[in-house]
Amino acid sequence: MLVTIGARIPALVASGVLNKFYRYEDLMLETEVFGIKFPNPVGLAAGFDKNAKLLHLLPAFGFGFIEVGAVTLRAQEGNPKPRLFHIGDKRALVNRMGFNNDGLGVIAQRLKKRKGSRAVGANIGKNKDTPTESAADDYALCMQKLHGIADYMVVNVSSPNTPGLRNLQQKAFLRKVLETAPTDSAIFVKISPELSGTTLDEIISVVQERPRTGIIATNTLKIEQGGVSGEPLREPSTDLIRWLYKKSHGKIPIIGVGGIFSGKNAYEKITAGASLVQLYTGLIYEGPGLVKRIKKDLVQLLKAGGFTNITQAIGTKA
Ligand SMILES: Cc1cc2nc3c(=O)[nH]c(=O)nc-3n(C[C@H](O)[C@H](O)[C@H](O)COP(=O)(O)O)c2cc1C
């Protein structure tokens, strides 16, 4: 008992100090999606806290929500290192992590023990050695276990680093997976930036068949060995958000992610149709102070646009 308390004290102190530096709140930034409350719309994207080990610290950087994972049914090591690279003079990363994670059982236990009221999502993938024919079972088992533990769950069918995963973006597979999702859970389908035409139309229609279902746009841009995030992804992901918003007449909640380095970038995604945004690469290049800067700038941009809250701005430039 004493040992546990001893271990918690430094974490609490650290989180308190961070909170002093990074705290910035404004009622204009508060929002709600699928009945989940967010103190602000700026979240941490999947892949940073893959194993739900940092949940006691991350909210202190000012994120409105955190997404952990990707979680797979069984623990796996991912691809051999090196597997994360900077790209020359661009503010971009290439990663070919391959879903390295501690596995569903361990991560679910960590999520159960978490304290605090900040919304946490769980990003779900399939194991590398799970054949396509039984991939739906991986997602179903993960969703059942994480139901009630995570505030929302993400069907990640868009990582470029698990062979064949992106083929799961087809209608029949998505429908099957969404049908197995616990009925009252909030689910987001995370898609790749290269989708277009019929595939996107079909994703919109399948997502609309299930209540409490949204889309995360987007995952990384696929290259030969890995995925590109950051600046080169900004426009493709914003364009896709705008397209999704228009095609669905604003009916599908969208989490916008890809190349956010400023309040302006976040605002562009919101006015294109995103209800919430996330970032990862921006945090690596700009440091954790970025979250506070984005929130401050968002408030100024909302005021300049004549809005009194985030919801009013969503999709106004779609
Ligand atoms: C190192 C790394 C690991 C990632 N792992 C995941 C993952 O496990 N699941 C997922 O859906 N996206 C993952 N992503 C993608 C991010 O969540 C995000 O969609 C993408 O990086 C675009 O946002 P950004 O430009 O702000 O980084 C990862 C990205 C990076 C850089």
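The values are calculated or read from the model by the stated rules, or taken from the named source; none is laboratory data. Only a predicted model underlies this, so the values are computations on that prediction, with no experimental measurement involved. When we count neighbours, we look across all protein chains shown, and the Cβ atoms used for this are built from the backbone with ideal geometry, even at glycine. When the accessible area is computed, the model is the full protein with side chains, heavy atoms only, and any ligands, DNA or RNA have been set aside. Shrake-Rupley method; radii C 1.70, N 1.55, O 1.52, S 1.80 Å.
Assign unit charges at the C-beta atoms only (+1 for Lys and Arg, -1 for Asp and Glu), then state the dipole size of the chain relative to its Cα centre in Debye, rounded to the nearest 20.
Roughly 640 debye, rounded to the nearest 20.
Let me know the longest stretch in the chain that avoids all GluC sites (Glu not before Pro) found in a DSSP loop with at most 16 other C-beta atoms within 10 Å.
78-193
Using the Cα atoms as the points, what is the convex hull volume per residue of the chain in Å³?
130 Å³
If you roll a 1.4 Å probe over the heavy atoms of the protein chains, what accessible area per residue do you get for the chain, in Å²?
Accessible area per residue, the chain: 44 Å².
If the cut-off is a Cα-Cα distance under 20 Å, which lysines reach residue 247, setting aside same-chain residues fewer than 8 apart in sequence?
Those lysines meeting the cut-off are 171, 190, 269, 317.
Based on the Kirkwood radius over alpha-carbon pairs, what is the Stokes-Einstein translational diffusion coefficient of the range 164-292 at 25 °C with 0.890 mPa s viscosity, in µm²/s?
Estimated diffusion coefficient is 163 µm²/s.
Ignoring any ligand, DNA or RNA, what whole percent of the accessible area of the chain comes from carbon and sulfur when the probe is 1.4 angstrom?
55 percent
Could you pull out every residue, at least 5 positions away or on a different chain, whose amide H is within less than 5 Å of the one on residue 260? Hs are placed 1.01 Å off N in the peptide plane, and Pro or chain starts have none.
Counting only residues 5 or more places away or on other chains, the set is 280, 282.
What trypsin sites (Lys or Arg not before Pro) in the range 223-318 are in a loop by DSSP, with at most 15 other Cβ atoms within 10 Å of the Cβ?
Within the range 223-318, the qualifying trypsin sites (Lys or Arg not before Pro) (loop, at most 15 other Cβ atoms within 10 Å) are 251, 317.
Quick check: from the Cα gyration tensor, does the range 89-159 come out rounded (a/c under 1.5), prolate or oblate?
Oblate is the answer for the range 89-159, as a/c is 1.5 or above yet b/c matches or exceeds a/b.
Report the residue, chosen from 277, 155, 206, that carries the largest GNM mean-square fluctuation when the chain is represented by alpha-carbon nodes joined by springs under 10 Å.
Sorting by GNM fluctuation, first place goes to 206.
Among bridges DSSP assigns within the chain, what percent are antiparallel (round to 5)?
Around 30 percent of the beta bridges assigned by DSSP in the chain are antiparallel ones.
Applying the Karplus parametrisation 6.51 cos²θ - 1.76 cosθ + 1.60 with θ = phi - 60° to the phi angles of the range 179-192, what ³J(HN,Hα) value in whole Hz is obtained for each residue in order, glycine and proline being reported as x?
5, 8, 5, x, 4, 8, 8, 7, 10, 10, 9, 9, 10, 8
Let me make sure I get this right: for the range 22-169, a, b and c are the square roots of the gyration tensor eigenvalues over alpha carbons, sorted descending. Under 1.5 in a/c it's rounded, otherwise prolate if a/b > b/c, else oblate. Which is it?
Oblate, because a/c is 1.5 or more while a/b does not exceed b/c.
Determine the shape class of the range 45-101: with a ≥ b ≥ c the square roots of the Cα gyration tensor eigenvalues, call it rounded for a/c under 1.5, and otherwise prolate if a/b is greater than b/c, oblate otherwise.
Oblate, because a/c is 1.5 or more while a/b does not exceed b/c.
Of 108, 119, 304, which is the most mobile in a GNM of the chain whose springs link Cα atoms less than 10 angstrom apart?
Largest GNM mean-square fluctuation: 304.
Along the positive direction of the dipole of the chain (beta-carbon charges: Lys, Arg +1; Asp, Glu -1; about the Cα centre), which of 131, 48, 63 reaches farthest?
Final value for the positive-end residue is 63.
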